[in-house]
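A.B. asks: First, the structure itself, so that you have it in front of you.
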Amino acid sequence: MRLWLERFAFGRDSTLGALHLAKDGEQPTRLCFTVEDERRVVKKPGETCVPVGVYAIEYRTEGGLHAKYARRFGAMHKGMLWLQNVPGFEWVMMHCGNTDDDTEGCPLLVTTPIATPDGEFVGGSSVDAYRKVYQLVSAALNTGEDVVLSITEREAA
């Protein structure tokens with residue numbers, strides 16, 4: 001399975017993107033939007049989005065976030081959706097949240113993107129977006145299919 005996160009709007013403290021399912025020979029299908037920390041040339045811990053690149057996704061079945069999501073989502077939850085081998089980062093996972101304050105570099109999955117008056121980006125209905133993406137990715141991982149996320153950026157016009 002191939003996922004594609006295209007970042008397209010950039011605030012001082014936040015980044016907005018769209019997460020797509022990319023199938024060979026077909027137009028990508030948008031699954032949801034993403035809210036992330038801002039772009040930086042030099043990483044600042046807890047305040048920088050994941051670098052552009054291609055990352056395998058696997059389950060992470062330990063740690064506090066995994067335990068929290070196991071309680072929150074019950075039988076649906078098999079492990080956190082963990083991005084592998086992100087340069088300069090550890091424990092990057094796609095998860096719920098609505099503002100850049102809800103993340104320390106991880107992509108937050110949201111249904112509704114919102115531009116704030118100060119030029120930042122937040123999202124709504126994060127749990128709905130998370131459930132949708134999680135069920136799709138989990139179905140692939142559970143059958144042994146490789147899941148890969150490509151992150152790109154579209155420059156602002």
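A.B. asks: How about segment 116-140: which of its residues are in contact (Cβ under 8 Å) with a residue 60 or more places away in the chain and crowded, with 18+ Cβ neighbours inside 10 Å?
C.D. replies: Residues satisfying the conditions are Glu120, Phe121, Val122, Gly123, Ala129, Val133, Tyr134, Val137.
A.B. asks: Within segment 104-136, work out how many residues are hydroxyl-bearing (Ser, Thr, Tyr) and under 10 Å from the mean Cα position of the chain (by Cα). Full working, then the answer.
C.D. replies: First pass over segment 104-136, keeping only residues hydroxyl-bearing (Ser, Thr, Tyr): 111-112, 116, 125-126, 130, 134.
Okay, now just the ones that are also under 10 Å from the mean Cα position of the chain (by Cα), so 130.
Residues meeting the conditions: 1.
A.B. asks: Looking for whichever is under 17 Å from Thr103 (Cα atoms), exposed (fewer than 12 other Cβ atoms within 10 Å of the Cβ) and not acidic (Asp, Glu) here; the options are Gly64, Gly25, Gly11, Gly17. Which one fits?
C.D. replies: Values: Gly25 fails: under 17 Å from Thr103 (Cα atoms); Gly11 fails: exposed (fewer than 12 other Cβ atoms within 10 Å of the Cβ); Gly17 fails: exposed (fewer than 12 other Cβ atoms within 10 Å of the Cβ).
Being under 17 Å from Thr103 (Cα atoms), exposed (fewer than 12 other Cβ atoms within 10 Å of the Cβ) and not acidic (Asp, Glu) holds for just one of Gly64, Gly25, Gly11, Gly17, which is Gly64.
A.B. asks: With the structure loaded, tell me whether Val133 is assigned to a helix (DSSP H, G or I), among the aliphatic types (A, V, I, L, M) and modelled with pLDDT of 95 or more or whether it fails that test.
C.D. replies: Numbers: assigned to a helix (DSSP H, G or I): yes; among the aliphatic types (A, V, I, L, M): yes; modelled with pLDDT of 95 or more: yes.
Taking the combined requirement at face value, the residue satisfies it.
A.B. asks: A follow-up question, please. Give the residue that is surrounded by the most Cβ atoms within 10 Å (Cβ to Cβ), with candidates limited to residues of segment 68-105 that are of a type in the set (Lys, Arg) and outside any loop (DSSP other than H, G, I, E, B). Before the answer, list the steps.
C.D. replies: Taking segment 68-105 and keeping what is of a type in the set (Lys, Arg), we get 68, 71-72, 78.
Right, trim to outside any loop (DSSP other than H, G, I, E, B) and you get 68, 71-72.
On the way: Lys68: 14, Arg71: 9, Arg72: 12.
Among them, the one singled out is Lys68.
A.B. asks: If we keep just the residues of segment 54-67 that are farther than 20 Å from Ala140 by Cβ and in contact (Cβ under 8 Å) with a residue 12 or more places away in the chain, which is farthest from the chain's Cα centre (by Cα)? Give the steps one after another, and end with the answer.
C.D. replies: As a first pass, look at segment 54-67 and keep what is farther than 20 Å from Ala140 by Cβ: 62-65, 67.
Filter again for in contact (Cβ under 8 Å) with a residue 12 or more places away in the chain, leaving 63, 65.
Numbers: Gly63: 18, Leu65: 15 Å.
Checking each candidate, the answer is Gly63.
A.B. asks: So which residues in segment 41-50 are surrounded by fewer than 16 Cβ atoms within 10 Å (Cβ to Cβ) and touching a strand residue (DSSP E or B) at 6+ places or on another chain (Cβ under 8 Å), if there are any at all?
C.D. replies: Selection gives Gly46, Glu47.
A.B. asks: Also, I was wondering about something else. Just name the residue that is farthest from Ser126 (Cα to Cα) out of those in segment 28-40 that are surrounded by fewer than 16 Cβ atoms within 10 Å (Cβ to Cβ) and at pLDDT 95 or above.
C.D. replies: Only one residue fits best here, namely Thr29.
The values are calculated or read from the model by the stated rules, or taken from the named source; none is laboratory data. Because the structure is a prediction, the values reported are computed rather than measured. Note that we place each Cβ from the backbone using ideal geometry, even for glycine, and neighbour counts take in every protein chain shown.
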